[in-house]
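Peer 1: Can you read through this structure? Questions will come right after.
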Amino acid sequence: MTDDAVPSTGANRFSGPNDLHLHSNHSDGTESPAEVVRQAHAHGIRTLALTDHDRSTGWDEASKAAASLGVTFLPGMELSAKYEWRSVHVLGYLFAPDDEALRAETDRIRNDRIGRAERIVRNIGRDYDLVWDDVVAQTAGDATVGRPHIADALIARGIVRDRGEAFDGILHPREGYYEPHYAPDPLSAVNLITRAGGVAVIAHPVTTGRDRMMPIAFIERLIDAGLGGFEIDHRENTEQGKKILRDVALKHDLIVTGSSDYHGAGKPNLPGENTTSDAMVARIIDRATGTDPRYA
Ligand code: AMP
Ligand code: FE
Ligand code: FE
Ligand code: ZN
C-alpha cells in the first residue's frame with residue numbers, strides 16, 4: 001500500500017484488502033473463528049470482521065488467530081431485526097460487548113430462535129424423517145441456531161444435497177414449515193448498536209429473492225437515529241438497489257461497505273469476493289467508541 005492510501009488518522013494502523021462480514025460456527029458458519037481467520041488470510045484478506053448472528057463470543061479466538069497471522073481484527077456482529085415481515089440484518093462493528101441492553105436483546109433473540117427452530121423441525125417432522133436431535137448434532141455448542149442448522153440436519157438425513165436446496169425447498173416459507181422468530185425492529189437494532197458505541201451498517205439491504213428493501217423514508221429514519229451506512233457490495237444485492245442506496249449514502253454522507261458474508265462450507269461465498277475500501281474502514285474505526293480494533 002502506498003503512503004497516501006494509508007488512512008490519515010494515527011489510530012488506523014490497518015491495511016487492506018478488507019472483508020467486514022464473515023461467520024463462524026458460533027452462528028451458522030461451518031468453521032471455528034480461528035479457521036475463518038485462516039481462510040480469510042489465505043484469500044489475501046488483511047483486515048477482517050467476524051460478524052456472527054446475534055453473538056460476539058467468537059471475538060477472542062478470532063482475535064488471537066488474527067494476531068498470529070498479521071491480520072487486523074474488527075469485532076462485529078450481525079444483529080437480527082425485522083421490518084414488518086421482512087428479515088433485516090444489521091451489522092454492528094466495534095460496540096462494547098458487555099453493553100447491558102444489547103446483551104439482553106441478543107439473549108432474547110437467541111433464546112427465541114431455539115423454540116422457533118424446534119417448531120420448524122416439528123412441522124417438517126410431519127412429512128420427513130427429521131427430529132430435533134438431528135439439528136442439535138449439527139449445532140456447535142451454544143451457536144445461534146438458525147435454518148442453516150436445520151438444513152445441515154436435512155443433508156445429514158439425505159433429504160437434500162446442500163443448504164441451497166434446503167432453502168429453495170423445505171425451508172422456504174412457501175412450503176408451509178416456516179416459523180418466524182422474535183427480532184427487534186430495525187430502529188431498535190440501530191439504536192442498540194449505536195448506544196453501545198458501535199457502528200451500525202445494514203447488511204445486504206437490497207437482496208433479490210428475499211423481500212423488497214425497506215422504504216427510503218424508513219431508511220432515512222434509521223439514518224436520523226445514527227445508522228452508519230450500507231453494505232452495498234454483496235453478492236445478493238440487486239444492481240438497481242445498489243445504485244439507489246449509493247445515492248442515499250452520498251446524499252447523507254454515509255459509510256458504504258463490501259463483504260463476502262462467508263459461511264465456510266455453508267454458502268459458496270468466499271472471503272474477499274467483495275471488499276471495503278481502506279477509507280471506509282477508517283471511518284468505521286473513527287466513529288466507533290465501544291471497543292478497539294485489534295491491530296496486527
Ligand atoms: P434464519 O435466520 O434462521 O431464518 O436463517 C437465515 C440464514 O440462513 C441467513 O443468515 C443466511 O446466512 C442463511 N441462508 C439463507 N439462504 C441461504 C442459502 N440459499 N444457502 C445457505 N444459507 C442460506
Ligand atoms: Fe447466516
Ligand atoms: Fe445476513
Ligand atoms: Zn451474514
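Peer 1: Please specify each residue of the stretch 156-179 satisfying the condition of being surrounded by fewer than 21 Cβ atoms within 10 Å (Cβ to Cβ) and in contact with a Lys or Arg (Cβ under 6 Å, 6 or more places away or on another chain).
Peer 2: Within the stretch 156-179, just GLU179 meets the criteria.
Peer 1: Now a separate question. Can you spot a residue in the stretch 77-85 that is surrounded by fewer than 20 Cβ atoms within 10 Å (Cβ to Cβ) and either free of Cβ contacts under 8 Å to residues at least 60 places away in the same chain or over 17 Å from PRO180 (Cβ atoms) (or both)?
Peer 2: Yes, that holds for at least one residue.
Peer 1: Going by the conditions given, is PHE218 over 30 Å from ALA156 (Cα atoms), aromatic (Phe, Trp, Tyr), assigned by TED's automatic domain parsing to the domain that holds GLY92 and within 15 Å of ligand 3 (Cβ to nearest atom)?
Peer 2: No.
Peer 1: While we're here: If we keep just the residues of the stretch 146-155 that are within 16 Å of ligand 3 (Cβ to nearest atom) and open to solvent by 10 Å² or more (accessible area, probe 1.4 Å), which is farthest from GLU179 (Cα to Cα)?
Peer 2: PRO148
Peer 1: Does ALA67 qualify as being touching a Phe, Trp or Tyr at 6+ places or on another chain (Cβ under 8 Å), at pLDDT 95 or above and buried (at least 24 other Cβ atoms within 10 Å of the Cβ)?
Peer 2: No; evaluated as a whole, the condition is false for this residue.
Peer 1: ASP185: surrounded by fewer than 16 Cβ atoms within 10 Å (Cβ to Cβ) and under 17 Å from the mean Cα position of the chain (by Cα), yes or no?
Peer 2: Considered against the rule, which asks whether it is surrounded by fewer than 16 Cβ atoms within 10 Å (Cβ to Cβ) and under 17 Å from the mean Cα position of the chain (by Cα), ASP185 comes out as yes.
Peer 1: Could you look through the stretch 40-51, keep only residues that are away from ligand 2 (no atom under 13 Å from the Cβ) and buried (at least 20 other Cβ atoms within 10 Å of the Cβ), and pick out the one that is nearest to ALA265 (Cα to Cα)?
Peer 2: ALA40
Peer 1: Quick test for you: out of ARG212, ARG195, pick the one residue that is touching a strand residue (DSSP E or B) at 6+ places or on another chain (Cβ under 8 Å) and open to solvent by 50 Å² or more (accessible area, probe 1.4 Å).
Peer 2: ARG212
Peer 1: Restricting to the stretch 109-124, what's the tally of residues that are more than 19 Å from PRO186 (Cα to Cα) and either touching a Gly at 6+ places or on another chain (Cβ under 6 Å) or of a type in the set (A, V, I, L, M, F, W, C) (or both)?
Peer 2: Within the stretch 109-124, residues that are more than 19 Å from PRO186 (Cα to Cα) and either touching a Gly at 6+ places or on another chain (Cβ under 6 Å) or of a type in the set (A, V, I, L, M, F, W, C) (or both) number 5.
Conditions tested, residue by residue: (1) of a type in the set (A, V, I, L, M); (2) within 22 Å of MET214 (Cβ to Cβ); (3) not assigned by TED's automatic domain parsing to the domain that holds ILE219.
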{"site": "GLY141", "(1), (2), (3)": "no, no, yes"}
{"site": "ALA153", "(1), (2), (3)": "yes, no, yes"}
{"site": "ARG157", "(1), (2), (3)": "no, no, yes"}
{"site": "ASN191", "(1), (2), (3)": "no, yes, no"}
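Peer 1: Residues that are among the aromatic types (Phe, Trp, Tyr) and within 14 Å of ligand 1 (Cβ to nearest atom): does the stretch 178-190 have at least one?
Peer 2: Among the residues of the stretch 178-190, at least one is among the aromatic types (Phe, Trp, Tyr) and within 14 Å of ligand 1 (Cβ to nearest atom), which makes the answer yes.
The values are calculated or read from the model by the stated rules, or taken from the named source; none is laboratory data. Here the structure is a predicted model, which means the values were calculated and not measured. Note that each Cβ is placed from the backbone with ideal geometry, even for glycine, and that neighbours are counted across all protein chains shown. These area figures cover heavy atoms from the full protein model, side chains too; ligands, DNA and RNA do not enter into them. Shrake-Rupley method; radii C 1.70, N 1.55, O 1.52, S 1.80 Å.
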